[in-house]
Structures are given as C-alpha cells and as structure tokens.
1. Condition check: closer than 18 Å to residue 90 by Cβ and either out of contact with any strand residue (DSSP E or B) (no Cβ under 6 Å at 6 or more places or on another chain) or in contact (Cβ under 8 Å) with a residue 40 or more places away in the chain (or both). Does residue 197 satisfy that?
2. Checking residue 261 against (1) at pLDDT 95 or above; (2) on the phi > 0 side of the Ramachandran plot, only one condition comes out false. Which one?
3. Does the stretch 218-257 hold any residues that are among the aromatic types (Phe, Trp, Tyr) and surrounded by 15 or more Cβ atoms within 10 Å (Cβ to Cβ), and which are they?
4. Being among the polar types (S, T, N, Q) and touching a Phe, Trp or Tyr at 6+ places or on another chain (Cβ under 6 Å) is the filter; apply it to the stretch 193-245 and report the residue that is farthest from residue 100 (Cα to Cα).
5. From 179, 144, which residue is touching a helix residue (DSSP H, G or I) at 6+ places or on another chain (Cβ under 6 Å), touching a residue at least 60 places away in the same chain (Cβ under 8 Å) and charged (D, E, K, R)?
6. How many residues are under 13 Å from residue 235 (Cα atoms) and among the aliphatic types (A, V, I, L, M) if we restrict to the stretch 170-217?
7. Can you pull out the residues in the stretch 119-157 that are of a type in the set (S, T, N, Q) and either buried (at least 18 other Cβ atoms within 10 Å of the Cβ) or assigned to a strand (DSSP E or B) (or both)?
Amino acid sequence: MLTTEQHKQAARLLLQAEREVKPVRQLDETFPGLDIADAYAIQKEVLASKLAAGARLRGHKIGLTSRAMQKIQGIDEPDYGHLLDDMFYTDGDTIPVDRFIVPRVEAELAFILNKPLSGPEVTLQDVLGATEYVQPALEIVDGRTMYPRRIVDNIADNAASAAIVLGGRLLRPMDLDLRWVGCLLYRNGVIEETGVSAGVLGHPARGVEWLARKLAAFDTSLEAGSVILAGSFTRTVPVGAGDTIHADFGQLGGVSVYFQGSR
C-alpha cells in the first residue's frame, strides 16, 4: 500500500499528462507495490483536484465488463471511473482530437437515473426502476500513462475514460429488451466493429447494479440525474484527425461525431 503523499504524487503525474497531452511512465513502475486500492485512491485524488478547479461531477463509467477482458487483466470484476461536465459531447459535434493522447472509441448504453441508487442489496430491477431512460452513447477512451499497462494503471487513470458522446433516441428501460440492443460501429463509412449489449455482464443494467453495490462500501450513492455508462459491447476503434465515427443502434437511433485536428 502506498502512502497518501504517493497517491497525490501519482495524481499530479496523471494531471500533468492530460494537460501536456503526453503520457507519463506507467504508475506501477514509478510506484512499485501499487495495488488496486491504491489505484482507486489515486483516481479519487485526480477527481478531487478537478472538482476543486471547478469541474462538476455528472456520472460514472463502468469498464472491463466482458469476461474475456477481465481474464486478460487478471481480475474478476469490472472497474469504474467518473464523468465530469467537460467530458460531454452530443451527436453531430466536432471533437478536437488534439486534446487526447491515444483516442479510441467504444459503443455503449447510457443510463440516466431519476432516482438514487445505493446500498449493497441493489438489484437489476432496482436499476431499471431508477432509470428514467437509456440512450446510445460513444465513449472516448485514452491513456495518460504509457502502454502496455496493467489494471492498476487503468483504474488510476479514471478507468481510461476521456469523453462521452450522447445521441440517438431516449427510451424507457422497460420499453425493450436491453440485452438485444445491437450496434454497428463505423469509421469513415466502414463497419469496424459490431456488438450486442448482452455482452455487458449478460445485461447492461448489471453494470449499473455492480457499481451501486461497489460504491456502497464507500458510503457513496448513484444520485438522481446521474449519467451512467454501462460498459462497452464493442472493441475499441482508434481515431485520428479527419475521422468520422457513426454508431448505428438500430431502433435506438445513432450517434455521429467528427474528429478535427492535426494528429
């Protein structure tokens, strides 16, 4: 276990990397012995710095929801990060690619809550009952530490989350079987990835259930109004300047963005 001062030092390195758009050395190499508890403590320090600077917390993201990815990382559960107000874009936006280091895109469902969720006994039905609507989303993931990296670096680095794009249709969660929401993910008119949302723990609401239970251990709730990215059901697609990404979610509509910049 690292010291509190080491957590703060690691957080400063991640903030520096984001500010300079240049990755720093893997944290587990800079801080030998870094474990998962340390990683979440570092993530919390980064969040506190951003909130102190005026950012506003709007929700959370859940990552590593597929069993295959968990096995690769040597873990047996997902991870999570935070969504701040300056991370949000909407369908049709132009996104400056130069704000990211190694940007990649994933297709997900966003759950927008109208009731709080808290406690270690939260169920899938509780999640559906607390959800005002679901809608298509793209998550832009990035790496503020160098690759390859282990799970502790991913967690400390806000579970790799960098931005979110919301679009498509808003549907009540009981209006369709969320397990069978599919997506065709295009880059510049070519299908790069496909997926179905049952790939997220068998049901995308399971990710939100897991998160509510996980946060209960820290006396933290998912608040009404929160946006929760439930987990990707496509592999990541790298993007660069001049790329247009379009995600077709079938009956839920689509999300498109254009990446502009010099890289």
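1. No, not satisfied.
2. For residue 261, the exception is condition (1).
3. Across the stretch 218-257, the qualifying residues are 233, 249.
4. Here the residue is 197.
5. On the way: 179 fails: touching a residue at least 60 places away in the same chain (Cβ under 8 Å).
Just a single option satisfies the conditions, and that option is 144.
6. Summing the residues that are under 13 Å from residue 235 (Cα atoms) and among the aliphatic types (A, V, I, L, M) in the stretch 170-217 gives 5.
7. Listed by number, the residues that qualify are 131, 135, 145, 154.
Residues are listed down the side, and each one gets a yes or a no for (1) small (Gly, Ala, Ser); (2) touching a Lys or Arg at 6+ places or on another chain (Cβ under 9 Å):
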position: 206; (1), (2): no, no
position: 212; (1), (2): yes, no
position: 227; (1), (2): no, yes
position: 232; (1), (2): yes, no
position: 236; (1), (2): no, yes
position: 244; (1), (2): no, yes
position: 250; (1), (2): yes, no
position: 260; (1), (2): no, no
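The values are calculated or read from the model by the stated rules, or taken from the named source; none is laboratory data. Worth saying up front: this structure is predicted, and the values here are computed from it rather than measured. All Cβ positions, even for glycine, are placed from backbone atoms using ideal geometry, and neighbour counts span all protein chains on display.
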